[in-house]
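Reading through the structure tokens given below for one structure.
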Amino acid sequence: MSDLGTAIVTGAARGIGHGIVERLVEDGYHVVALDRLEAVHDVADGLRAAGARIDSEVADIRDRAGIVAIMERFAPFDVIVNNAAITGTFHFEELTEEHFREAFDINAVGTFIVAQEGARRMRNGGRIVNIASRSFAGAPQMAHYAASKTAVVGLTRAMAIDLSPRDIRVNAVAPGVVDTDMLHYMTPERQQMMLSLQLLGRIGQPQDIARAVSFLASPENRYITGQVLIVDGGRSLGQGQLPPEDSPYA
């Protein structure tokens with residue numbers, strides 16, 4: 001297995017984060033997996049038993065002092081992946097200020113804290129990948145989430161400019177609907193509605209997002225920065241599922 005250096009991944013205990021950790025370990029990174037859930041240790045234990053170089057830490061990305069203490073132990077970094085986030089569905093008129101502030105505090109401010117402290121401990125030529133969301137283009141009953149992920153997109157582009165003198169490339173991946181716990185919180189009716197909007201006729205898997213992160217995090221990525229890679233199975237094209245080839249409407 002090659003040694004590509006050290007990568008830190010937030011929100012690593014489940015879903016997309018777990019998939020990203022598995023992929024980066026496979027790519028040859030020493031991975032530092034962070035999550036506020038104790039289950040992050042189970043993820044690390046399972047991969048370590050298979051020979052992976054991985055450490056796990058329980059941390060809240062809003063706690064700058066805690067993040068700094070962890071980073072000081074494992075720096076310098078070659079890759080930072082900001083994946084930790086919260087979501088939820090609320091009709092706009094029922095969305096509370098508390099929910100709105102919490103979404104920004106974790107999804108935007110938490111991402112900023114990890115990115116800033118990580119960049120301070122990153123080798124020149126490193127790569128930062130922020131997990132945004134296709135919802136930055138708009139999403140029903142998710143004003144708080146969409147707004148916070150739009151902030152992540154803006155943060156990504158600004159970081160790419162400011163960190164370019166150090167040849168640090170900063171990009172974002174914007175997933176569409178992915179088969180994670182977030183999807184399962186939705187009612188069956190909403191899940192079916194989301195599926196009907198997928199151009200490829202299927203829901204994405206965490207591994208689909210992990211492959212995109214692997215590409216942008218690779219040292220072979222020498223000339224891509226400040227970009228948002230939408231990984232949504234074509235949902236952003238707005239066409240919904242195409243009819244089968246033998247359909248009279250095909």
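Just wondering, is there one or more residues in region 44-58 that are under 18 Å from residue 128 (Cβ atoms), modelled with pLDDT of 95 or more and small (Gly, Ala, Ser)? No, every residue in region 44-58 fails to be under 18 Å from residue 128 (Cβ atoms), modelled with pLDDT of 95 or more and small (Gly, Ala, Ser). Applying the set (1) in contact with a Leu (Cβ under 7 Å, 6 or more places away or on another chain); (2) within 22 Å of residue 24 (Cα to Cα); (3) not in a helix (DSSP H, G or I) to residue 125 leaves exactly one unmet item: (1).
Look at residue 90 and say whether it is under 20 Å from residue 180 (Cβ atoms) and open to solvent by 30 Å² or more (accessible area, probe 1.4 Å). Write out each step before concluding.
Working: under 20 Å from residue 180 (Cβ atoms): yes; open to solvent by 30 Å² or more (accessible area, probe 1.4 Å): yes.
Answer is yes for this residue.
For region 106-136, give me each residue that is open to solvent by 20 Å² or more (accessible area, probe 1.4 Å), touching a Lys or Arg at 6+ places or on another chain (Cβ under 6 Å) and not hydrophobic (A, V, I, L, M, F, W, C). Correct list: 124 only. Screening residue 177 with (1) of a type outside the set (D, E, K, R); (2) more than 14 Å from the chain's Cα centre (by Cα); (3) closer than 21 Å to residue 13 by Cα; (4) open to solvent by 20 Å² or more (accessible area, probe 1.4 Å) gives one miss only, at (2).
Name the helices (runs of 4 or more DSSP H) wholly inside region 131-198 in which the number of residues that are of a type in the set (Lys, Arg) is 2 or more. Before you say what the answer is, go through the steps one by one.
Numbers: elements: 143-163, 181-184, 188-196.
So the answer is 143-163.
Quick check, is residue 93 within 25 Å of residue 147 (Cα to Cα) and either of a type outside the set (Ser, Thr, Tyr) or in contact with an Asp or Glu (Cβ under 6 Å, 6 or more places away or on another chain) (or both)? For residue 93, the condition - within 25 Å of residue 147 (Cα to Cα) and either of a type outside the set (Ser, Thr, Tyr) or in contact with an Asp or Glu (Cβ under 6 Å, 6 or more places away or on another chain) (or both) - is met.
Scanning region 204-218 for residues that are open to solvent by 40 Å² or more (accessible area, probe 1.4 Å) and not in a helix (DSSP H, G or I) yields a single hit, 205. For first residues located in region 58-80 and buried (at least 20 other Cβ atoms within 10 Å of the Cβ), partners that are aromatic (Phe, Trp, Tyr) and lie 6+ apart or on another chain with Cβ distances below 7 Å form the pairs 79/29. Across region 145-179, the qualifying residues are those that are in contact with a Phe, Trp or Tyr (Cβ under 8 Å, 6 or more places away or on another chain) and of a type outside the set (S, T, N, Q), and the one among them that is nearest to residue 119 (Cα to Cα) is 155.
Quick check on this structure: which one of 158, 172, 151 is closer than 26 Å to residue 77 by Cα, surrounded by 21 or more Cβ atoms within 10 Å (Cβ to Cβ) and at pLDDT 95 or above?
Working: 158 fails: surrounded by 21 or more Cβ atoms within 10 Å (Cβ to Cβ); 151 fails: surrounded by 21 or more Cβ atoms within 10 Å (Cβ to Cβ).
From the options 158, 172, 151, the qualifying one is 172.
Just one of the listed residues (17, 51) is more than 25 Å from residue 178 (Cα to Cα) and not charged (D, E, K, R), and it is 51.
The values are calculated or read from the model by the stated rules, or taken from the named source; none is laboratory data. All values reported here derive from a predicted model rather than from experimental measurement. Backbone-built Cβ (ideal geometry, glycine too); neighbour counts: all protein chains shown. Calculation scope for accessible area: heavy atoms of the full protein, side chains included, ligands and nucleic acids excluded. Shrake-Rupley method; radii C 1.70, N 1.55, O 1.52, S 1.80 Å.
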